[in-house]
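Written out below as structure tokens is the structure these notes cover.
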Amino acid sequence: MRIGLVVSTFPPYQGGMGNMAFSYALGLTRRGHQVEVFCPKRGGIAREPDAPSAPDTPFPVHRLKPWLDVRNSAFVPQLALRLGRFDAVNLHYPFYGGAEVVFLLKKIKGKKLPLVVNFQMDNFSTGAAGMIFKANATLFTPRLLRLVDKVIVTSEDYAAHSSAAETFRKFPEKFEAIPPGIDTVRFSPGEKDPALLKRYGIKAGEKVVLFVGGLDQAHAFKGVNFLLRAWREQGADKARLLIVGQGDLRESYRRTADALGLGQSVVFADAVSAGELPAYYRLADLLVLPSTDSSEAFGIVLVEAMACGVPVLASDLPGVRSVVEAEQNGFVFRVRETEDLLDKMRAILINEELRCRMRTIARETAVAHYDREKIWDRVDMVFREAAPV
């Protein structure tokens with residue numbers, strides 16, 4: 001089957017939407033489909049990224065020059081001329097400026113162009129951007145989801161609490177809940193790398209709390225400022241907060257850490273490649289995802305950490321909470337509530353028996369429910385049902 005995959009961001013830009021699209025393209029290719037990726041052309045992309053376990057990206061990536069480009073949104077009307085030759089289209093949503101083009105093409109072609117939408121998240125903001133996001137969620141999203149052949153969501157929990165909720169309630173047969181998958185061989189438990197410990201000045205006996213995520217404006221919802229302020233209050237001896245990520249807010253976060261007097265207890269990691277990431281997870285005694293609103297729909301870093309045998313602590317948000325089994329592989333805490341975060345963080349860091357049990361269960365959960373080969377089989381079935389050949 002020829003599948004055109006459309007997404008607003010794509011590696012080497014690091015973000016959950018693009019990474020999930022990469023995984024879909026790779027998995028569907030390995031299931032025998034001919035996949036081509038279409039995304040906006042961004043500055044600084046010199047080459048295509050390597051597939052995680054292959055020397056070259058095994059599918060073409062077409063980076064289209066936007067007519068209008070604002071942050072991670074881009075108006076690319078030329079999509080309409082490029083997608084008509086495919087047996088099916090896979091739109092990763094939201095994609096402001098691209099989804100509207102796909103919607104119009106589907107309206108014209110109808111059943112001749114099967115359309116599978118990955119509804120990944122809602123967007124939230126303040127000011128003019130917030131008004132645009134709200135209008136889009138109210139006026140456009142329901143129309144798009146009613147039109148498509150299949151909707152893939154990361155969890156039914158998120159679908160029921162998002163702008164997809166009404167469509168999910170009226171047309172449940174359209175929806176498939178399939179979480180992101182990861183390579184549980186690459187992401188696996190192991191010893192802490194002595195060279196990384198030395199690089200970041202982490203001493204023997206110090207606990208490491210890890211944050212992994214984008215440090216740019218598009219990922220401001222990840223809650224780094226909240227986490228830094230909470231860390232000032234945490235009071236745990238011999239603990240370091242290691243922040244992994246890049247983006248235009250990185251220096252702002254560093255200044256915040258300095259202003260809070262956090263000193264060497266907070267470490268901002270150097271740029272970390274996809275290949276190096278498992279080693280950073282293995283440094284951690286706990287991963288924390290302190291996201292502040294439902295722009296966070298799942299949190300793939302939770303599953304990557306769990307696969308490496310790391311307990312997790314995450315905001316109690318729709319979708320995100322579906323990953324965390326309380327007192328089994330981690331805890332959820334009330335959104336933006338510092339004391340609840342700190343109480344549960346301390347419980348894991350101080351109680352070695354609890355932490356060891358969580359490490360074992362976290363790994364077992366990741367292998368049983370999020371191994372990418374199993375996920376790719378489910379995704380493949382959705383496309384074969386949407387576009388039988």
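Quick look at the numbers
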read-out	value
Wholly enclosed helices (runs of 4 or more DSSP H) of the range 238-310 bearing at least 3 residues in contact with a Ser or Thr (Cβ under 9 Å, 6 or more places away or on another chain)	300-307
Filter result for LYS207 (out of contact with any His (no Cβ under 8 Å at 6 or more places or on another chain) and in the same structural domain as ASP316 (by TED's automatic domain parsing))	yes
Of all residues making up the range 157-180, the number that are under 20 Å from the mean Cα position of the chain (by Cα) and free of Cβ contacts under 8 Å to residues at least 40 places away in the same chain	2
Boolean, ARG334 is surrounded by 14 or more Cβ atoms within 10 Å (Cβ to Cβ) and among the basic types (Lys, Arg)	no
Helices (runs of 4 or more DSSP H) lying entirely in the range 315-389 (those with 2 or more residues that are closer than 30 Å to GLY110 by Cα, out of contact with any helix residue (DSSP H, G or I) (no Cβ under 7 Å at 6 or more places or on another chain) and of a type outside the set (Val, Ile, Thr))	372-386
Answer residue from the range 185-233, given it is among the small types (Gly, Ala, Ser) and part of a helix (DSSP H, G or I) and is surrounded by the fewest Cβ atoms within 10 Å (Cβ to Cβ) among those	ALA195
Residue that is of a type outside the set (Ser, Thr, Tyr) and touching a residue at least 40 places away in the same chain (Cβ under 8 Å), where the choices are GLY205, GLY190	GLY190
Identity of the residue in the range 82-113, among the aliphatic types (A, V, I, L, M) and under 27 Å from ALA129 (Cα atoms), that ends up nearest to the chain's Cα centre (by Cα)	LEU91
Some residue of the range 236-246 being acidic (Asp, Glu), out of contact with any Cys (no Cβ under 6 Å at 6 or more places or on another chain) and buried (at least 21 other Cβ atoms within 10 Å of the Cβ)	no
Residue ID - surrounded by the fewest Cβ atoms within 10 Å (Cβ to Cβ), chosen from residues in the range 294-331 that are modelled with pLDDT under 95 and more than 19 Å from TYR370 (Cβ to Cβ)	GLU327
Members of the range 59-86 found to be outside any strand (DSSP E or B) and touching a helix residue (DSSP H, G or I) at 6+ places or on another chain (Cβ under 9 Å), listed by number	PHE59, ARG71, ASN72, VAL76, PRO77, GLN78, LEU79, ALA80, LEU83, GLY84
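Residues are listed down the side, and each one gets a yes or a no for (1) assigned by TED's automatic domain parsing to the domain that holds PHE175; (2) more than 30 Å from GLY130 (Cα to Cα):
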residue	(1), (2)
GLY275	no, yes
ALA307	no, yes
GLY319	no, no
GLU339	no, no
ASP343	no, yes
ASN351	no, yes
TRP376	yes, yes
VAL382	yes, yes
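The values are calculated or read from the model by the stated rules, or taken from the named source; none is laboratory data. On a predicted model such as this, the values are computed, not experimentally measured, just so you know. Cβ coordinates were reconstructed from backbone atoms using ideal geometry, including for glycine residues, and neighbour counts include every protein chain displayed.
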